[in-house]
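A.B. asks: Before I ask anything, here is the structure I am working with.
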Ligand code: SF4
Ligand code: SF4
């Protein structure tokens, strides 16, 4: 729903939903208090505003890393009548933003349903389909010379199938984040400032800077104690994913540029990258699941835990099945393990644009906006000159 803006005749302003109104209320209290100003990027960004439009709220919600520091420091948290809980209010709006900016928008509903059951059911369903296909072809329990899985599924078939699904996932995420960006960043910035901002935002993403709680000691995960493990397990997951992605990229270059087809020896570059990344994708998601199960009930949005766990479980299973495939590729288990691994990878790609994966993309965009915005004159100070 939208209303006409009395300040700008002819312009429509969106009406806030309940979750957005709650963030607006809490940010108004925080903007008067400002005790948490040094904790993360949310509070300095907040102080550049006297009012909070829907676009501001979407931006701030995606800037919050849910570290819990401001909740544990807050003198206005429950049982105080103000009931301030910034991480929870922000988490609820974040989910709305993923759904609202999703492409195609109708698929945004999956964010609310993409839980553990859906992730595992889609992975199991696709793996079963491929197992039955191989059974019908008589390849389910056949060993291939040198563990050559292209003897079971030809390279071009796999490249076409997975390239198409991955391409769609990238397109959907790109359109979604572009919609978000255009809404929260209507003004452009000078080119020079943009370059510095891109470098700073990239460093903040690469280090997961704001998972340090603002004081360097880490998140409040389960209680008042700080822990660096949330940041570390995020690092294992992020860099594990990037290394697996690099392994696929190098293997593709080998195949098309050097005419050198898989399977590659264990000590080759793509396999070493894949093993290292795969181990990261076992340790990171396992640790994040452990932390998720112990998370303080007042942190974030309880209703989103199935989505978080579904994503974590799928990542873990993709990695575990990939490593098992490598370990047993010379045996008669090759076909079975290949079908399971490919089914799980396909499920991961299919759900990628409508799963927790989106949080990394939207948060990176919000960090970039923050790095650009902080280089601009503060509109509040400028107004008082
Ligand atoms: S979270 Fe609480 S302590 Fe922190 S700025 Fe807001 S009102 Fe103040
Ligand atoms: S939970 Fe952490 S990242 Fe989010 S607003 Fe509070 S201090 Fe900032």
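The values are calculated or read from the model by the stated rules, or taken from the named source; none is laboratory data. The shown structure was predicted, so the numbers you read here are calculated from the model rather than taken from an experiment. Methodologically, a virtual Cβ is constructed for each residue, glycine included, from the backbone with ideal geometry; neighbour enumeration extends over all protein chains shown.
A.B. asks: Just checking, which of 87, 79 is within 16 Å of ligand 1 (Cβ to nearest atom), modelled with pLDDT of 95 or more and either closer than 29 Å to residue 316 by Cβ or assigned to a helix (DSSP H, G or I) (or both)?
C.D. replies: Numbers: 79 fails: either closer than 29 Å to residue 316 by Cβ or assigned to a helix (DSSP H, G or I) (or both).
Answer to the selection: 87.
A.B. asks: Can you tell me how many residues within region 195-221 are more than 23 Å from residue 288 (Cα to Cα) and buried (at least 19 other Cβ atoms within 10 Å of the Cβ)?
C.D. replies: Filtering region 195-221 for residues more than 23 Å from residue 288 (Cα to Cα) gives 195-201.
Adding the requirement that they be buried (at least 19 other Cβ atoms within 10 Å of the Cβ) leaves 197, 201.
The qualifying residues number 2.
A.B. asks: Of the conditions (1) in a loop (DSSP other than H, G, I, E, B); (2) more than 16 Å from residue 92 (Cβ to Cβ); (3) more than 7 Å from ligand 2 (Cβ to nearest atom), residue 44 clears all except one; give me its number.
C.D. replies: Only one criterion in (1) in a loop (DSSP other than H, G, I, E, B); (2) more than 16 Å from residue 92 (Cβ to Cβ); (3) more than 7 Å from ligand 2 (Cβ to nearest atom) is unmet by residue 44, namely (1).
A.B. asks: Another question, then. Can you tell me which condition residue 131 does not meet? The list is (1) crowded, with 16+ Cβ neighbours inside 10 Å; (2) not in a helix (DSSP H, G or I), and all the others hold.
C.D. replies: Every condition holds for residue 131 apart from (2).
A.B. asks: Please pick out the residue among 60, 50 that is touching a helix residue (DSSP H, G or I) at 6+ places or on another chain (Cβ under 7 Å), within 13 Å of ligand 2 (Cβ to nearest atom), within 19 Å of residue 369 (Cβ to Cβ) and outside the structural domain of residue 294 (by TED's automatic domain parsing). Let's see the steps before the verdict.
C.D. replies: Details: 50 fails: within 13 Å of ligand 2 (Cβ to nearest atom).
Among 60, 50, only 60 is touching a helix residue (DSSP H, G or I) at 6+ places or on another chain (Cβ under 7 Å), within 13 Å of ligand 2 (Cβ to nearest atom), within 19 Å of residue 369 (Cβ to Cβ) and outside the structural domain of residue 294 (by TED's automatic domain parsing).
The rows are residues; the columns are (1) within 16 Å of ligand 2 (Cβ to nearest atom); (2) outside any loop (DSSP other than H, G, I, E, B).
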{"site": "222", "(1), (2)": "yes, no"}
{"site": "231", "(1), (2)": "yes, yes"}
{"site": "236", "(1), (2)": "no, yes"}
{"site": "240", "(1), (2)": "no, yes"}
{"site": "260", "(1), (2)": "no, no"}
{"site": "266", "(1), (2)": "no, no"}
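A.B. asks: Please enumerate the residues belonging to region 290-318 that are within 16 Å of ligand 1 (Cβ to nearest atom) and over 16 Å from the mean Cα position of the chain (by Cα).
C.D. replies: Going through region 290-318, the residues within 16 Å of ligand 1 (Cβ to nearest atom) turn out to be 296, 298-300.
Those that are within 16 Å of ligand 1 (Cβ to nearest atom) and over 16 Å from the mean Cα position of the chain (by Cα): 296, 298, 299.
A.B. asks: Yes or no: region 79-86 includes at least one residue that is away from ligand 2 (no atom under 16 Å from the Cβ) and within 18 Å of the chain's Cα centre (by Cα). Talk me through it step by step, then tell me what you get.
C.D. replies: Taking region 79-86 and keeping what is away from ligand 2 (no atom under 16 Å from the Cβ), we get 79-81.
Those still in the list that are within 18 Å of the chain's Cα centre (by Cα) too: none.
Checked region 79-86: no residue is away from ligand 2 (no atom under 16 Å from the Cβ) and within 18 Å of the chain's Cα centre (by Cα).
A.B. asks: Does residue 369 satisfy being free of Cβ contacts under 8 Å to residues at least 40 places away in the same chain, in a helix (DSSP H, G or I) and over 19 Å from residue 147 (Cα atoms)? Can you show your working first?
C.D. replies: On the way: free of Cβ contacts under 8 Å to residues at least 40 places away in the same chain: no; in a helix (DSSP H, G or I): yes; over 19 Å from residue 147 (Cα atoms): yes.
Against the criterion (free of Cβ contacts under 8 Å to residues at least 40 places away in the same chain, in a helix (DSSP H, G or I) and over 19 Å from residue 147 (Cα atoms)), residue 369 does not qualify.
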